[in-house]
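The values are calculated or read from the model by the stated rules, or taken from the named source; none is laboratory data. Note that the coordinates shown come from a computational prediction; the quantities given were computed from them, not determined experimentally. Every residue, glycine as well, gets a Cβ built from its backbone with ideal geometry; the counts of neighbours run over all protein chains shown. Each accessible area value is taken on the protein alone, full model and side chains, heavy atoms only, with ligands, DNA and RNA left out. Shrake-Rupley method; radii C 1.70, N 1.55, O 1.52, S 1.80 Å.
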Amino acid sequence: MPVPENGHIDPADVKELIDCSGCYVFPGLIDHHVHFSWNTSGITPDLFCLPNGVTAACDAGSIGTNAFENFVRFRILPAITTLQASVNVTTGGMAGAGYMENIDPALYDERAMTYLFDQYRPYLYGFKLRIGKDISEGMGLKPLEESVKLARKFHTRLSLHATCPLEPVPEIVNCLGRGDVLCHTFQAKGPYSILDENGSIYPEVWSARERGVLFDSAQGRIHCSFRVARAAVEQGFLPDVISTDLTTFSVYQERLFSLPVTMARFLALGMSLYDVVRCCTATPAELMGMEEKIGTLRPGAMADVAIMKLETRKFEFQDSYGNHLPAAQLLLPQMTIKAGRCCWRNTAFAAF
Ligand SMILES: [Zn+2]
């Protein structure tokens, strides 16, 4: 039912009333960095999204140019959840732990990329590249430079995974331009992070933000050091996006669990609920080019809604670096509405 301009709804048009007292009514959450294919097995998107209030998500380059068409047809299209995906710049994509993709730019298949962008543009979020120990040794920043060139050529963005980086972070972010995304912003594997030796955010990182580079927490099990994240939040360097980086073996497991739990970590790090929710709704919606449709509750949008309770409960998070994070608030999903239809509901949130 279209909502009139003045926002007034005629009671005769109301089909269902949902008592949300004591709850927050958010736009459906968007998980901006997930892996719905890993070790070629993958996980069913709806199963891991809808019960968590997540109604849209982006696969972060699990799949290379060889298998991307299959991924769109058999993973993205059948899902209730609104999905986009980055295509890995390599042909093979991410095969799994211990078997890294070959990021030699000489092997990039531009012809396949052209086909995918012609055929599947609405589902394409951009390109994805991973660099760091075990992936880019001996290659320097060449794969990054070439991937940025490709992104500009295809008028899209590059999302960069740079964990345990082999070069200082300033050199890496200096390669990125407006609209590109640095994933795993708060990683601290190896000698380099976004903090300099005095614990301050590098000036080059601030400059990158000023010219439009985006920073996604993409937590994962091992990609978010509470020490780095806390220092960043204290210095006013908040993430643009908060996401899970979930994979087959991390979803609902310790260190990651789910998007609402990941959001609770950033509440505990000192971010406001408003900022945390924006990082999981309005900002990723804009990055997906869907800000009129998702990540918002305004008239004309898709009517994706996440009803959640903010519960006070004392507990402690621990990261993979041994840091502890005392927390007092947890977001508990109650009901998920996708395109105006209820598609998940906590039994305790029933009307009986
Ligand atoms: Zn990832």
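Let's test the formula: R0 of 56 Å, r as the Cβ-Cβ distance of GLU254 and ALA12. What FRET efficiency results, to the nearest 0.05?
On the way: r = 50 Å, r/R0 = 0.90.
Rounded to the nearest 0.05, the efficiency is 0.65.
Along the charge dipole of the stretch 93-190, which of THR163, TYR123, SER147 sits closest to the positive end, that is, farthest toward it, with unit charges on the beta carbon of Lys, Arg, Asp and Glu (+1, +1, -1, -1)?
Projecting each Cα onto the dipole axis, the largest value belongs to TYR123.
Might you report the magnitude of the Cβ-based charge dipole of the stretch 177-299 about its Cα centre, with Lys and Arg at +1 and Asp and Glu at -1, to the nearest 20 debye?
280 debye
Using the Cα centre as the reference, give the magnitude of the dipole from point charges on the C-beta atoms of the chain (Lys, Arg: +1; Asp, Glu: -1; all else neutral), rounded to the nearest 20 debye.
Numbers: 31 positive and 38 negative charges, 83 e Å.
Dipole size: approximately 400 debye.
Give me the percent relative contact order of the chain, please, defined on Cα pairs under 8 angstrom at least 6 residues apart.
It rounds to 19 percent for the chain.
What is the distance in Å between the Cα centres of the stretch 266-319 and the stretch 202-234?
So the two Cα centres are separated by 18 Å.
Between THR114 and ALA351, with labels modelled 7 Å along Cα→Cβ, what's the label distance in nm to one decimal, could you check?
Calculated label separation equals 5.6 nm.
log₁₀ I(q)/I(0) of the chain at q = 0.08, 0.12 Å⁻¹, via Debye over equal Cα point scatterers, no solvent, to two decimals?
The Cα Debye sum returns log10 ratios of -0.38, -0.85.
Please identify the trypsin sites (Lys or Arg not before Pro) of the stretch 115-206 that satisfy two criteria: DSSP loop assignment and at most 15 other Cβ atoms within 10 Å. Which are they?
Qualifying residues, ordered by number: LYS133, ARG178.
Apply the Karplus parameterisation 6.51 cos²θ - 1.76 cosθ + 1.60, with θ equal to phi minus 60°, to every residue of the stretch 325-340 and state each ³J(HN,Hα) to the nearest whole Hz, in sequence, with x for glycine and proline.
9, x, 9, 9, 9, 9, 8, 10, x, 10, 7, 10, 10, 10, 6, x
Using a Förster radius of 41 Å, what is the FRET efficiency between GLU197 and GLU69 based on their Cβ-Cβ separation? Nearest 0.05, please.
0.30
Output the antiparallel fraction of DSSP beta bridges having both residues in the chain, as a percent to the nearest 5. Please report the intermediate quantities before stating the final value.
Numbers: 21 of 48 bridges.
Looking only at bridges with both residues in the chain, the antiparallel portion is about 45 percent.
How tilted is helix 259-268 with respect to the longest principal axis of the chain? Cα atoms for both, answer in degrees (0 to 90, nearest 10).
Taking Cα atoms only, the helix is inclined about 80 degrees.
Number of Lys-Lys pairs in the chain under 15 Å by Cα, sequence gap 8 or more or different chains?
Lysine pairs satisfying the spacing and distance rule in the chain number 6.
Quickly estimate the mean residue ellipticity at 222 nm for the chain, helices only: each DSSP H run with n ≥ 4 gives -39500 (n - 2.57), and the total goes over all residues, rounded to 500.
-6000 deg cm²/dmol
GNM on the chain, C-alpha springs below 10 Å: top fluctuator among CYS224, CYS342, CYS164?
Of CYS224, CYS342, CYS164, the most mobile in the Gaussian network model is CYS342.
Can you give me the accessible area per residue for the chain, using a 1.4 Å probe, in Å²?
Value returned for the chain: 44 Å² of accessible area per residue.
What do you get for the angle between helix 142-153 and the principal long axis of the chain? Use alpha-carbon atoms, 0 to 90 degrees, nearest ten.
Taking Cα atoms only, the helix is inclined about 50 degrees.
Where the accessible area of the chain is counted over protein heavy atoms with a 1.4 Å probe, how much of it, in %, is carbon and sulfur?
Roughly 52 percent, rounded to a whole number.
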